[in-house]
Every structure is written in structure tokens, then in C-alpha cells.
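S.K.: First the structure, then my questions, so here it is.
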Amino acid sequence: MESITEKNLKINFGKLLLLGICADIHPILKEAGLAIHGGVILYSEEMRGADALIQQLKRIGVIFCRTWKEVPRAEATLNFKIYAHALRRNEDADKILDFLETDEALMAVVAFGILPEYLAFDCVPNRIVFQASEQEMSAIGDVSRILQGFCNFVHEKPAWLIQELQKFKTSKSFGEIQGDYFLASLSASASCFAAYFRESHDEAETELIQKWLELSIRQVKEWQGEELDNLPAVVRRAVEAYITASDIEICDLDNVDGRVQNALEAGRAVLYDSQFYYLPEDLLKASCEGIVGTNSLLAIKQRLYREGIIQSNSAQSGNYTVKLHYTNVFGAPCRKRFLKFRRQFFAAPGALALEERRRNKDADLPRQIEVR
């Protein structure tokens with residue numbers, strides 16, 4: 001039995017390991033027609049998670065380029081490594097795309113929050129999403145030691161590596177993903193690592209490591225088409241995650257008691273009726289704290305308003321809240337300003353509404369979530 005956190009640690013460990021292998025054997029993967037082309041986006045939903053990811057990447061030898069003069073050229077590249085750039089707000093799109101297209105090494109952009117449109121899936125389909133908090137990213141084990149062991153082995157036995165890649169190209173798993181060079185590169189790296197691991201471990205241990213690497217690749221594949229440049233979708237996930245993690249009160253507009261009123265004053269409660277959810281502006285601000293590095297809070301509210309997700313009578317003046325009048329359970333009249341969200345934004349067809357998810361969470365509190 002393993003906890004969700006333990007499983008995530010292993011999956012993210014696997015992603016980092018495979019990324020490091022892809023970079024180290026890049027020239028041989030290229031000769032075999034299995035190399036990653038067009039660079040890769042390394043994504044974490046929140047800024048602190050991205051910062052922790054950067055530290056992990058540095059431990060496996062990733063070189064971060066702060067200026068475009070640091071981009072590698074063929075004559076200057078001594079070893080095949082990963083060259084990365086941490087995305088900032090208002091970057092030059094052409095320079096970022098040129099950076100990713102550099103073919104002398106494996107190029108990467110580390111990003112968080114809402115991706116700009118020029119990094120949408122149609123433009124840069126290669127991406128690895130690290131679903132981990134800052135603490136989980138920091139807790140990942142020593143990838144560099146295991147990666148270095150593999151690299152030392154294949155540097156001494158390049159013919160062995162070429163043979164393993166040829167075996168992979170005749171395998172069933174390659175046939176299933178042929179045409180997707182990114183997944184093929186990750187899968188080829190996983191296959192070679194499993195063969196290397198088998199040299200010094202028994203079959204049961206090898207099957208276990210294969211399982212975790214396959215899970216890592218499966219999760220990469222699941223996120224391939226996710227609209228990380230879709231601001232509303234990213235904001236929705238951020239708000240839902242914050243509500244779940246922070247035990248936010250969710251209350252029917254007709255049932256506001258003293259406890260909920262106190263929570264509202266602290267920005268820690270959401271009201272709802274049959275058509276809308278009413279969120280304190282401070283709650284949206286807290287929810288989006290980790291993603292505003294790529295978009296300002298004002299830009300987020302403007303976009304939500306333009307797409308009809310929030311309603312306001314004062315948007316022209318830059319105020320996206322509405323004044324809500326309601327009566328609490330004691331009969332006292334109350335008024336407070338909220339961001340007025342269309343109910344469908346959080347309650348899509350087939351999905352549980354926010355209040356239903358909260359009830360389910362409360363019912364599950366005594367139990368520890370585990371996976372087999």
C-alpha cells in the first residue's frame with residue numbers, strides 16, 4: 001500500500017530520470033530517429049513548484065541560460081546536456097521559439113501558471129507536467145546519482161546502447177506510439193534504463209522499476225493535450241485546489257450562519273445559488289498567488305469577464321466585483337462585494353459541484369487516502 005504522495009514522488013522521479021537520459025544519449029537517439037525535436041516545456045502549475053523544479057533540474061546538470069548569448073552552438077557544445085530557460089512575463093516569443101528549436105542539445109523552457117499562446121500545444125507539443133507541490137518536488141530523491149550510473153555505463157558501451165535502441169524499435173510498445181517522437185524518445189530511454197538495471201538486479205526489481213517509468217510516461221501522455229495556455233481552465237484548477245486544500249466554507253446563500261459570516265469576512269467562504277458562485281476577491285487572489293507570475297490578477301479578471309465567466313456592472317471602471325445583498329439565518333440583512341462566477345464554470349456537466357465535492361471531502365476526513 002502506498003500513499004498518493006509516495007506515488008507522486010516516484011512518478012516525478014521517473015520523469016526527471018527519463019529527461020536526463022534523453023539529454024545524455026541525444027546524439028545516439030538522433031541517429032536512431034528517436035530524438036526529441038523542437039524542445040520541451042517543463043511545467044509546474046504554481047511558481048513555488050516551478051522554483052523547486054528548477055533546483056531539481058540543476059542537480060541533474062541542466063544548464064540555465066539567462067541570456068540568449070548562452071545558447072549552445074555546435075562548435076561550443078562539449079557534452080550533450082539540457083539547456084533551459086525559466087520563462088518570465090512578457091518574453092519575446094520569437095526568441096523563445098528559436099531557443100527551443102536549437103538542435104545542438106535538448107532545449108527546455110521551465111514554465112508555470114498560464115502558458116502564453118505561442119507555447120500552446122499546437123506550437124510546442126512536447127511537455128512534461130510535474131504535478132507536485134513545492135514540498136513534494138523538494139522531497140524527490142537523488143536522481144543525479146542513478147542517472148550518472150546509467151550514463152557512465154552507456155559511455156563505456158555505446159554499441160550496447162545502439163543494440164538496445166534497435167531492439168526497442170522492433171518492440172510492440174514502439175509500434176503503438178510510432179510517429180510521436182517525444183513519447184518514443186521517453187519510452188526508448190525507459191527501455192534502455194530497464195535493460196541497464198537488469199544487469200545488476202533481479203527480474204522482480206527490474207519489473208518494478210519498469211512499472212514506475214511506464215507510469216511516468218503514461219502521466220506525461222495524459223497531459224499532452226491539456227490546455228495549459230487556457231487561462232480559465234488553469235484558474236479553475238487553481239481555485240478548486242485552493243478550496244480543497246484550505247477547507248473553505250461553501251454555503252447556500254439562504255443558509256448563512258455566524259460561522260460562515262466570519263469565514264466570509266476572512267475571505268474563506270464561498271456562497272452559491274442556483275445560477276452563480278460568489279467568491280470573495282481575496283479568495284481568488286490567494287488561489288492565483290502561484291500563477292500570477294505569468295499573468296497579473298487584473299489580467300485574469302479581465303479575461304474571465306470578457307469570456308462571460310464572471311459578471312459585473314462596473315467592469316469599465318476596473319471593478320469586477322458585484323455588491324450582494326442577502327439575509328443570514330438570524331434574519332439580519334447583510335451586504336458584501338463578491339466576484340460573481342457563472343455556476344457552470346465550476347459545475348461542468350458530469351462533474352460534481354463545489355458544494356458536493358466539499359460534502360464528499362468532509363465525509364472522507366477520517367480515512368487516509370491510499371492506493372495499491
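The values are calculated or read from the model by the stated rules, or taken from the named source; none is laboratory data. Nothing here was measured: the structure is a model prediction, and the numbers come from that model. FYI the Cβ positions are ideal-geometry reconstructions off the backbone, even for glycines, and counts take in every protein chain you see.
S.K.: Being modelled with pLDDT of 85 or more and in a loop (DSSP other than H, G, I, E, B): is that true of ILE140 here?
M.R.: Judged against the criteria, ILE140 is a match.
S.K.: Please verify whether VAL239 is out of contact with any helix residue (DSSP H, G or I) (no Cβ under 7 Å at 6 or more places or on another chain), at pLDDT below 95, β-branched (Val, Ile, Thr) and buried (at least 19 other Cβ atoms within 10 Å of the Cβ), treating the condition exactly as stated.
M.R.: no
S.K.: Could you identify the single residue in PHE153, PHE174 that is among the aromatic types (Phe, Trp, Tyr), modelled with pLDDT under 95, in contact with a Phe, Trp or Tyr (Cβ under 6 Å, 6 or more places away or on another chain) and part of a helix (DSSP H, G or I)?
M.R.: Result: PHE174 is the single residue among PHE153, PHE174 that is among the aromatic types (Phe, Trp, Tyr), modelled with pLDDT under 95, in contact with a Phe, Trp or Tyr (Cβ under 6 Å, 6 or more places away or on another chain) and part of a helix (DSSP H, G or I).
S.K.: Further question: Out of segment 309-354, which residues are farther than 24 Å from ASN255 by Cβ, of a type outside the set (A, V, I, L, M) and either in a strand (DSSP E or B) or touching a strand residue (DSSP E or B) at 6+ places or on another chain (Cβ under 7 Å) (or both)?
M.R.: Within segment 309-354, SER312, ASN313, TYR320 qualify.
S.K.: Among the numbered criteria (1) more than 28 Å from SER44 (Cβ to Cβ); (2) part of a loop (DSSP other than H, G, I, E, B), which single criterion is violated by ASN262?
M.R.: (2)
S.K.: What residue, among those in segment 52-83 that are more than 20 Å from the chain's Cα centre (by Cα) and among the hydroxyl-bearing types (Ser, Thr, Tyr), is modelled with the lowest pLDDT?
M.R.: THR77
S.K.: Another question, then. Given the conditions (1) closer than 19 Å to ALA238 by Cα; (2) surrounded by fewer than 17 Cβ atoms within 10 Å (Cβ to Cβ), report the number of the one that ILE310 does not fulfil.
M.R.: The one condition ILE310 does not meet is (2).
S.K.: Please go through segment 166-192 and give me each residue that is in contact with a helix residue (DSSP H, G or I) (Cβ under 6 Å, 6 or more places away or on another chain) and among the hydrophobic types (A, V, I, L, M, F, W, C), ordered by number.
M.R.: Residues satisfying the conditions are PHE168, PHE174, ILE177, LEU183, ALA184, LEU186, ALA188, ALA190, CYS192.
S.K.: Follow-up. Tell me, which residue of segment 270-290 that is in a loop (DSSP other than H, G, I, E, B) and in contact with a helix residue (DSSP H, G or I) (Cβ under 6 Å, 6 or more places away or on another chain) is nearest to ILE250 (Cα to Cα)?
M.R.: Ranking the candidates gives ASP273 first.
S.K.: Would you check which residues across segment 220-254 are within 12 Å of the chain's Cα centre (by Cα) and either among the aromatic types (Phe, Trp, Tyr) or not in a loop (DSSP other than H, G, I, E, B) (or both) and list them?
M.R.: VAL220, GLU222, TRP223, VAL234, ARG237, ALA238
S.K.: Residue check, ALA266 against (1) within 21 Å of LEU9 (Cβ to Cβ); (2) of a type outside the set (Asp, Glu); (3) loosely packed, with under 15 Cβ neighbours inside 10 Å; (4) over 20 Å from the mean Cα position of the chain (by Cα), all met but one. Which one?
M.R.: With respect to (1) within 21 Å of LEU9 (Cβ to Cβ); (2) of a type outside the set (Asp, Glu); (3) loosely packed, with under 15 Cβ neighbours inside 10 Å; (4) over 20 Å from the mean Cα position of the chain (by Cα), ALA266 is out only on (1).
S.K.: Further question on the same structure: Would a scan of segment 159-167 turn up a residue that is touching a residue at least 24 places away in the same chain (Cβ under 8 Å) and of a type in the set (Val, Ile, Thr)?
M.R.: Looking for residues that are touching a residue at least 24 places away in the same chain (Cβ under 8 Å) and of a type in the set (Val, Ile, Thr), one finds at least one in segment 159-167, hence yes.
S.K.: All but one of (1) at pLDDT below 95; (2) of a type in the set (Asp, Glu); (3) more than 29 Å from the chain's Cα centre (by Cα); (4) under 20 Å from ALA32 (Cβ atoms) hold for GLU203, so report the exception by its number.
M.R.: Here GLU203 meets the rest and fails (4).
S.K.: Follow-up question, since we're still on this one. Within segment 84-123, track down each residue that is modelled with pLDDT under 90, over 15 Å from the mean Cα position of the chain (by Cα) and either buried (at least 22 other Cβ atoms within 10 Å of the Cβ) or aliphatic (A, V, I, L, M) (or both).
M.R.: ALA105, LEU106
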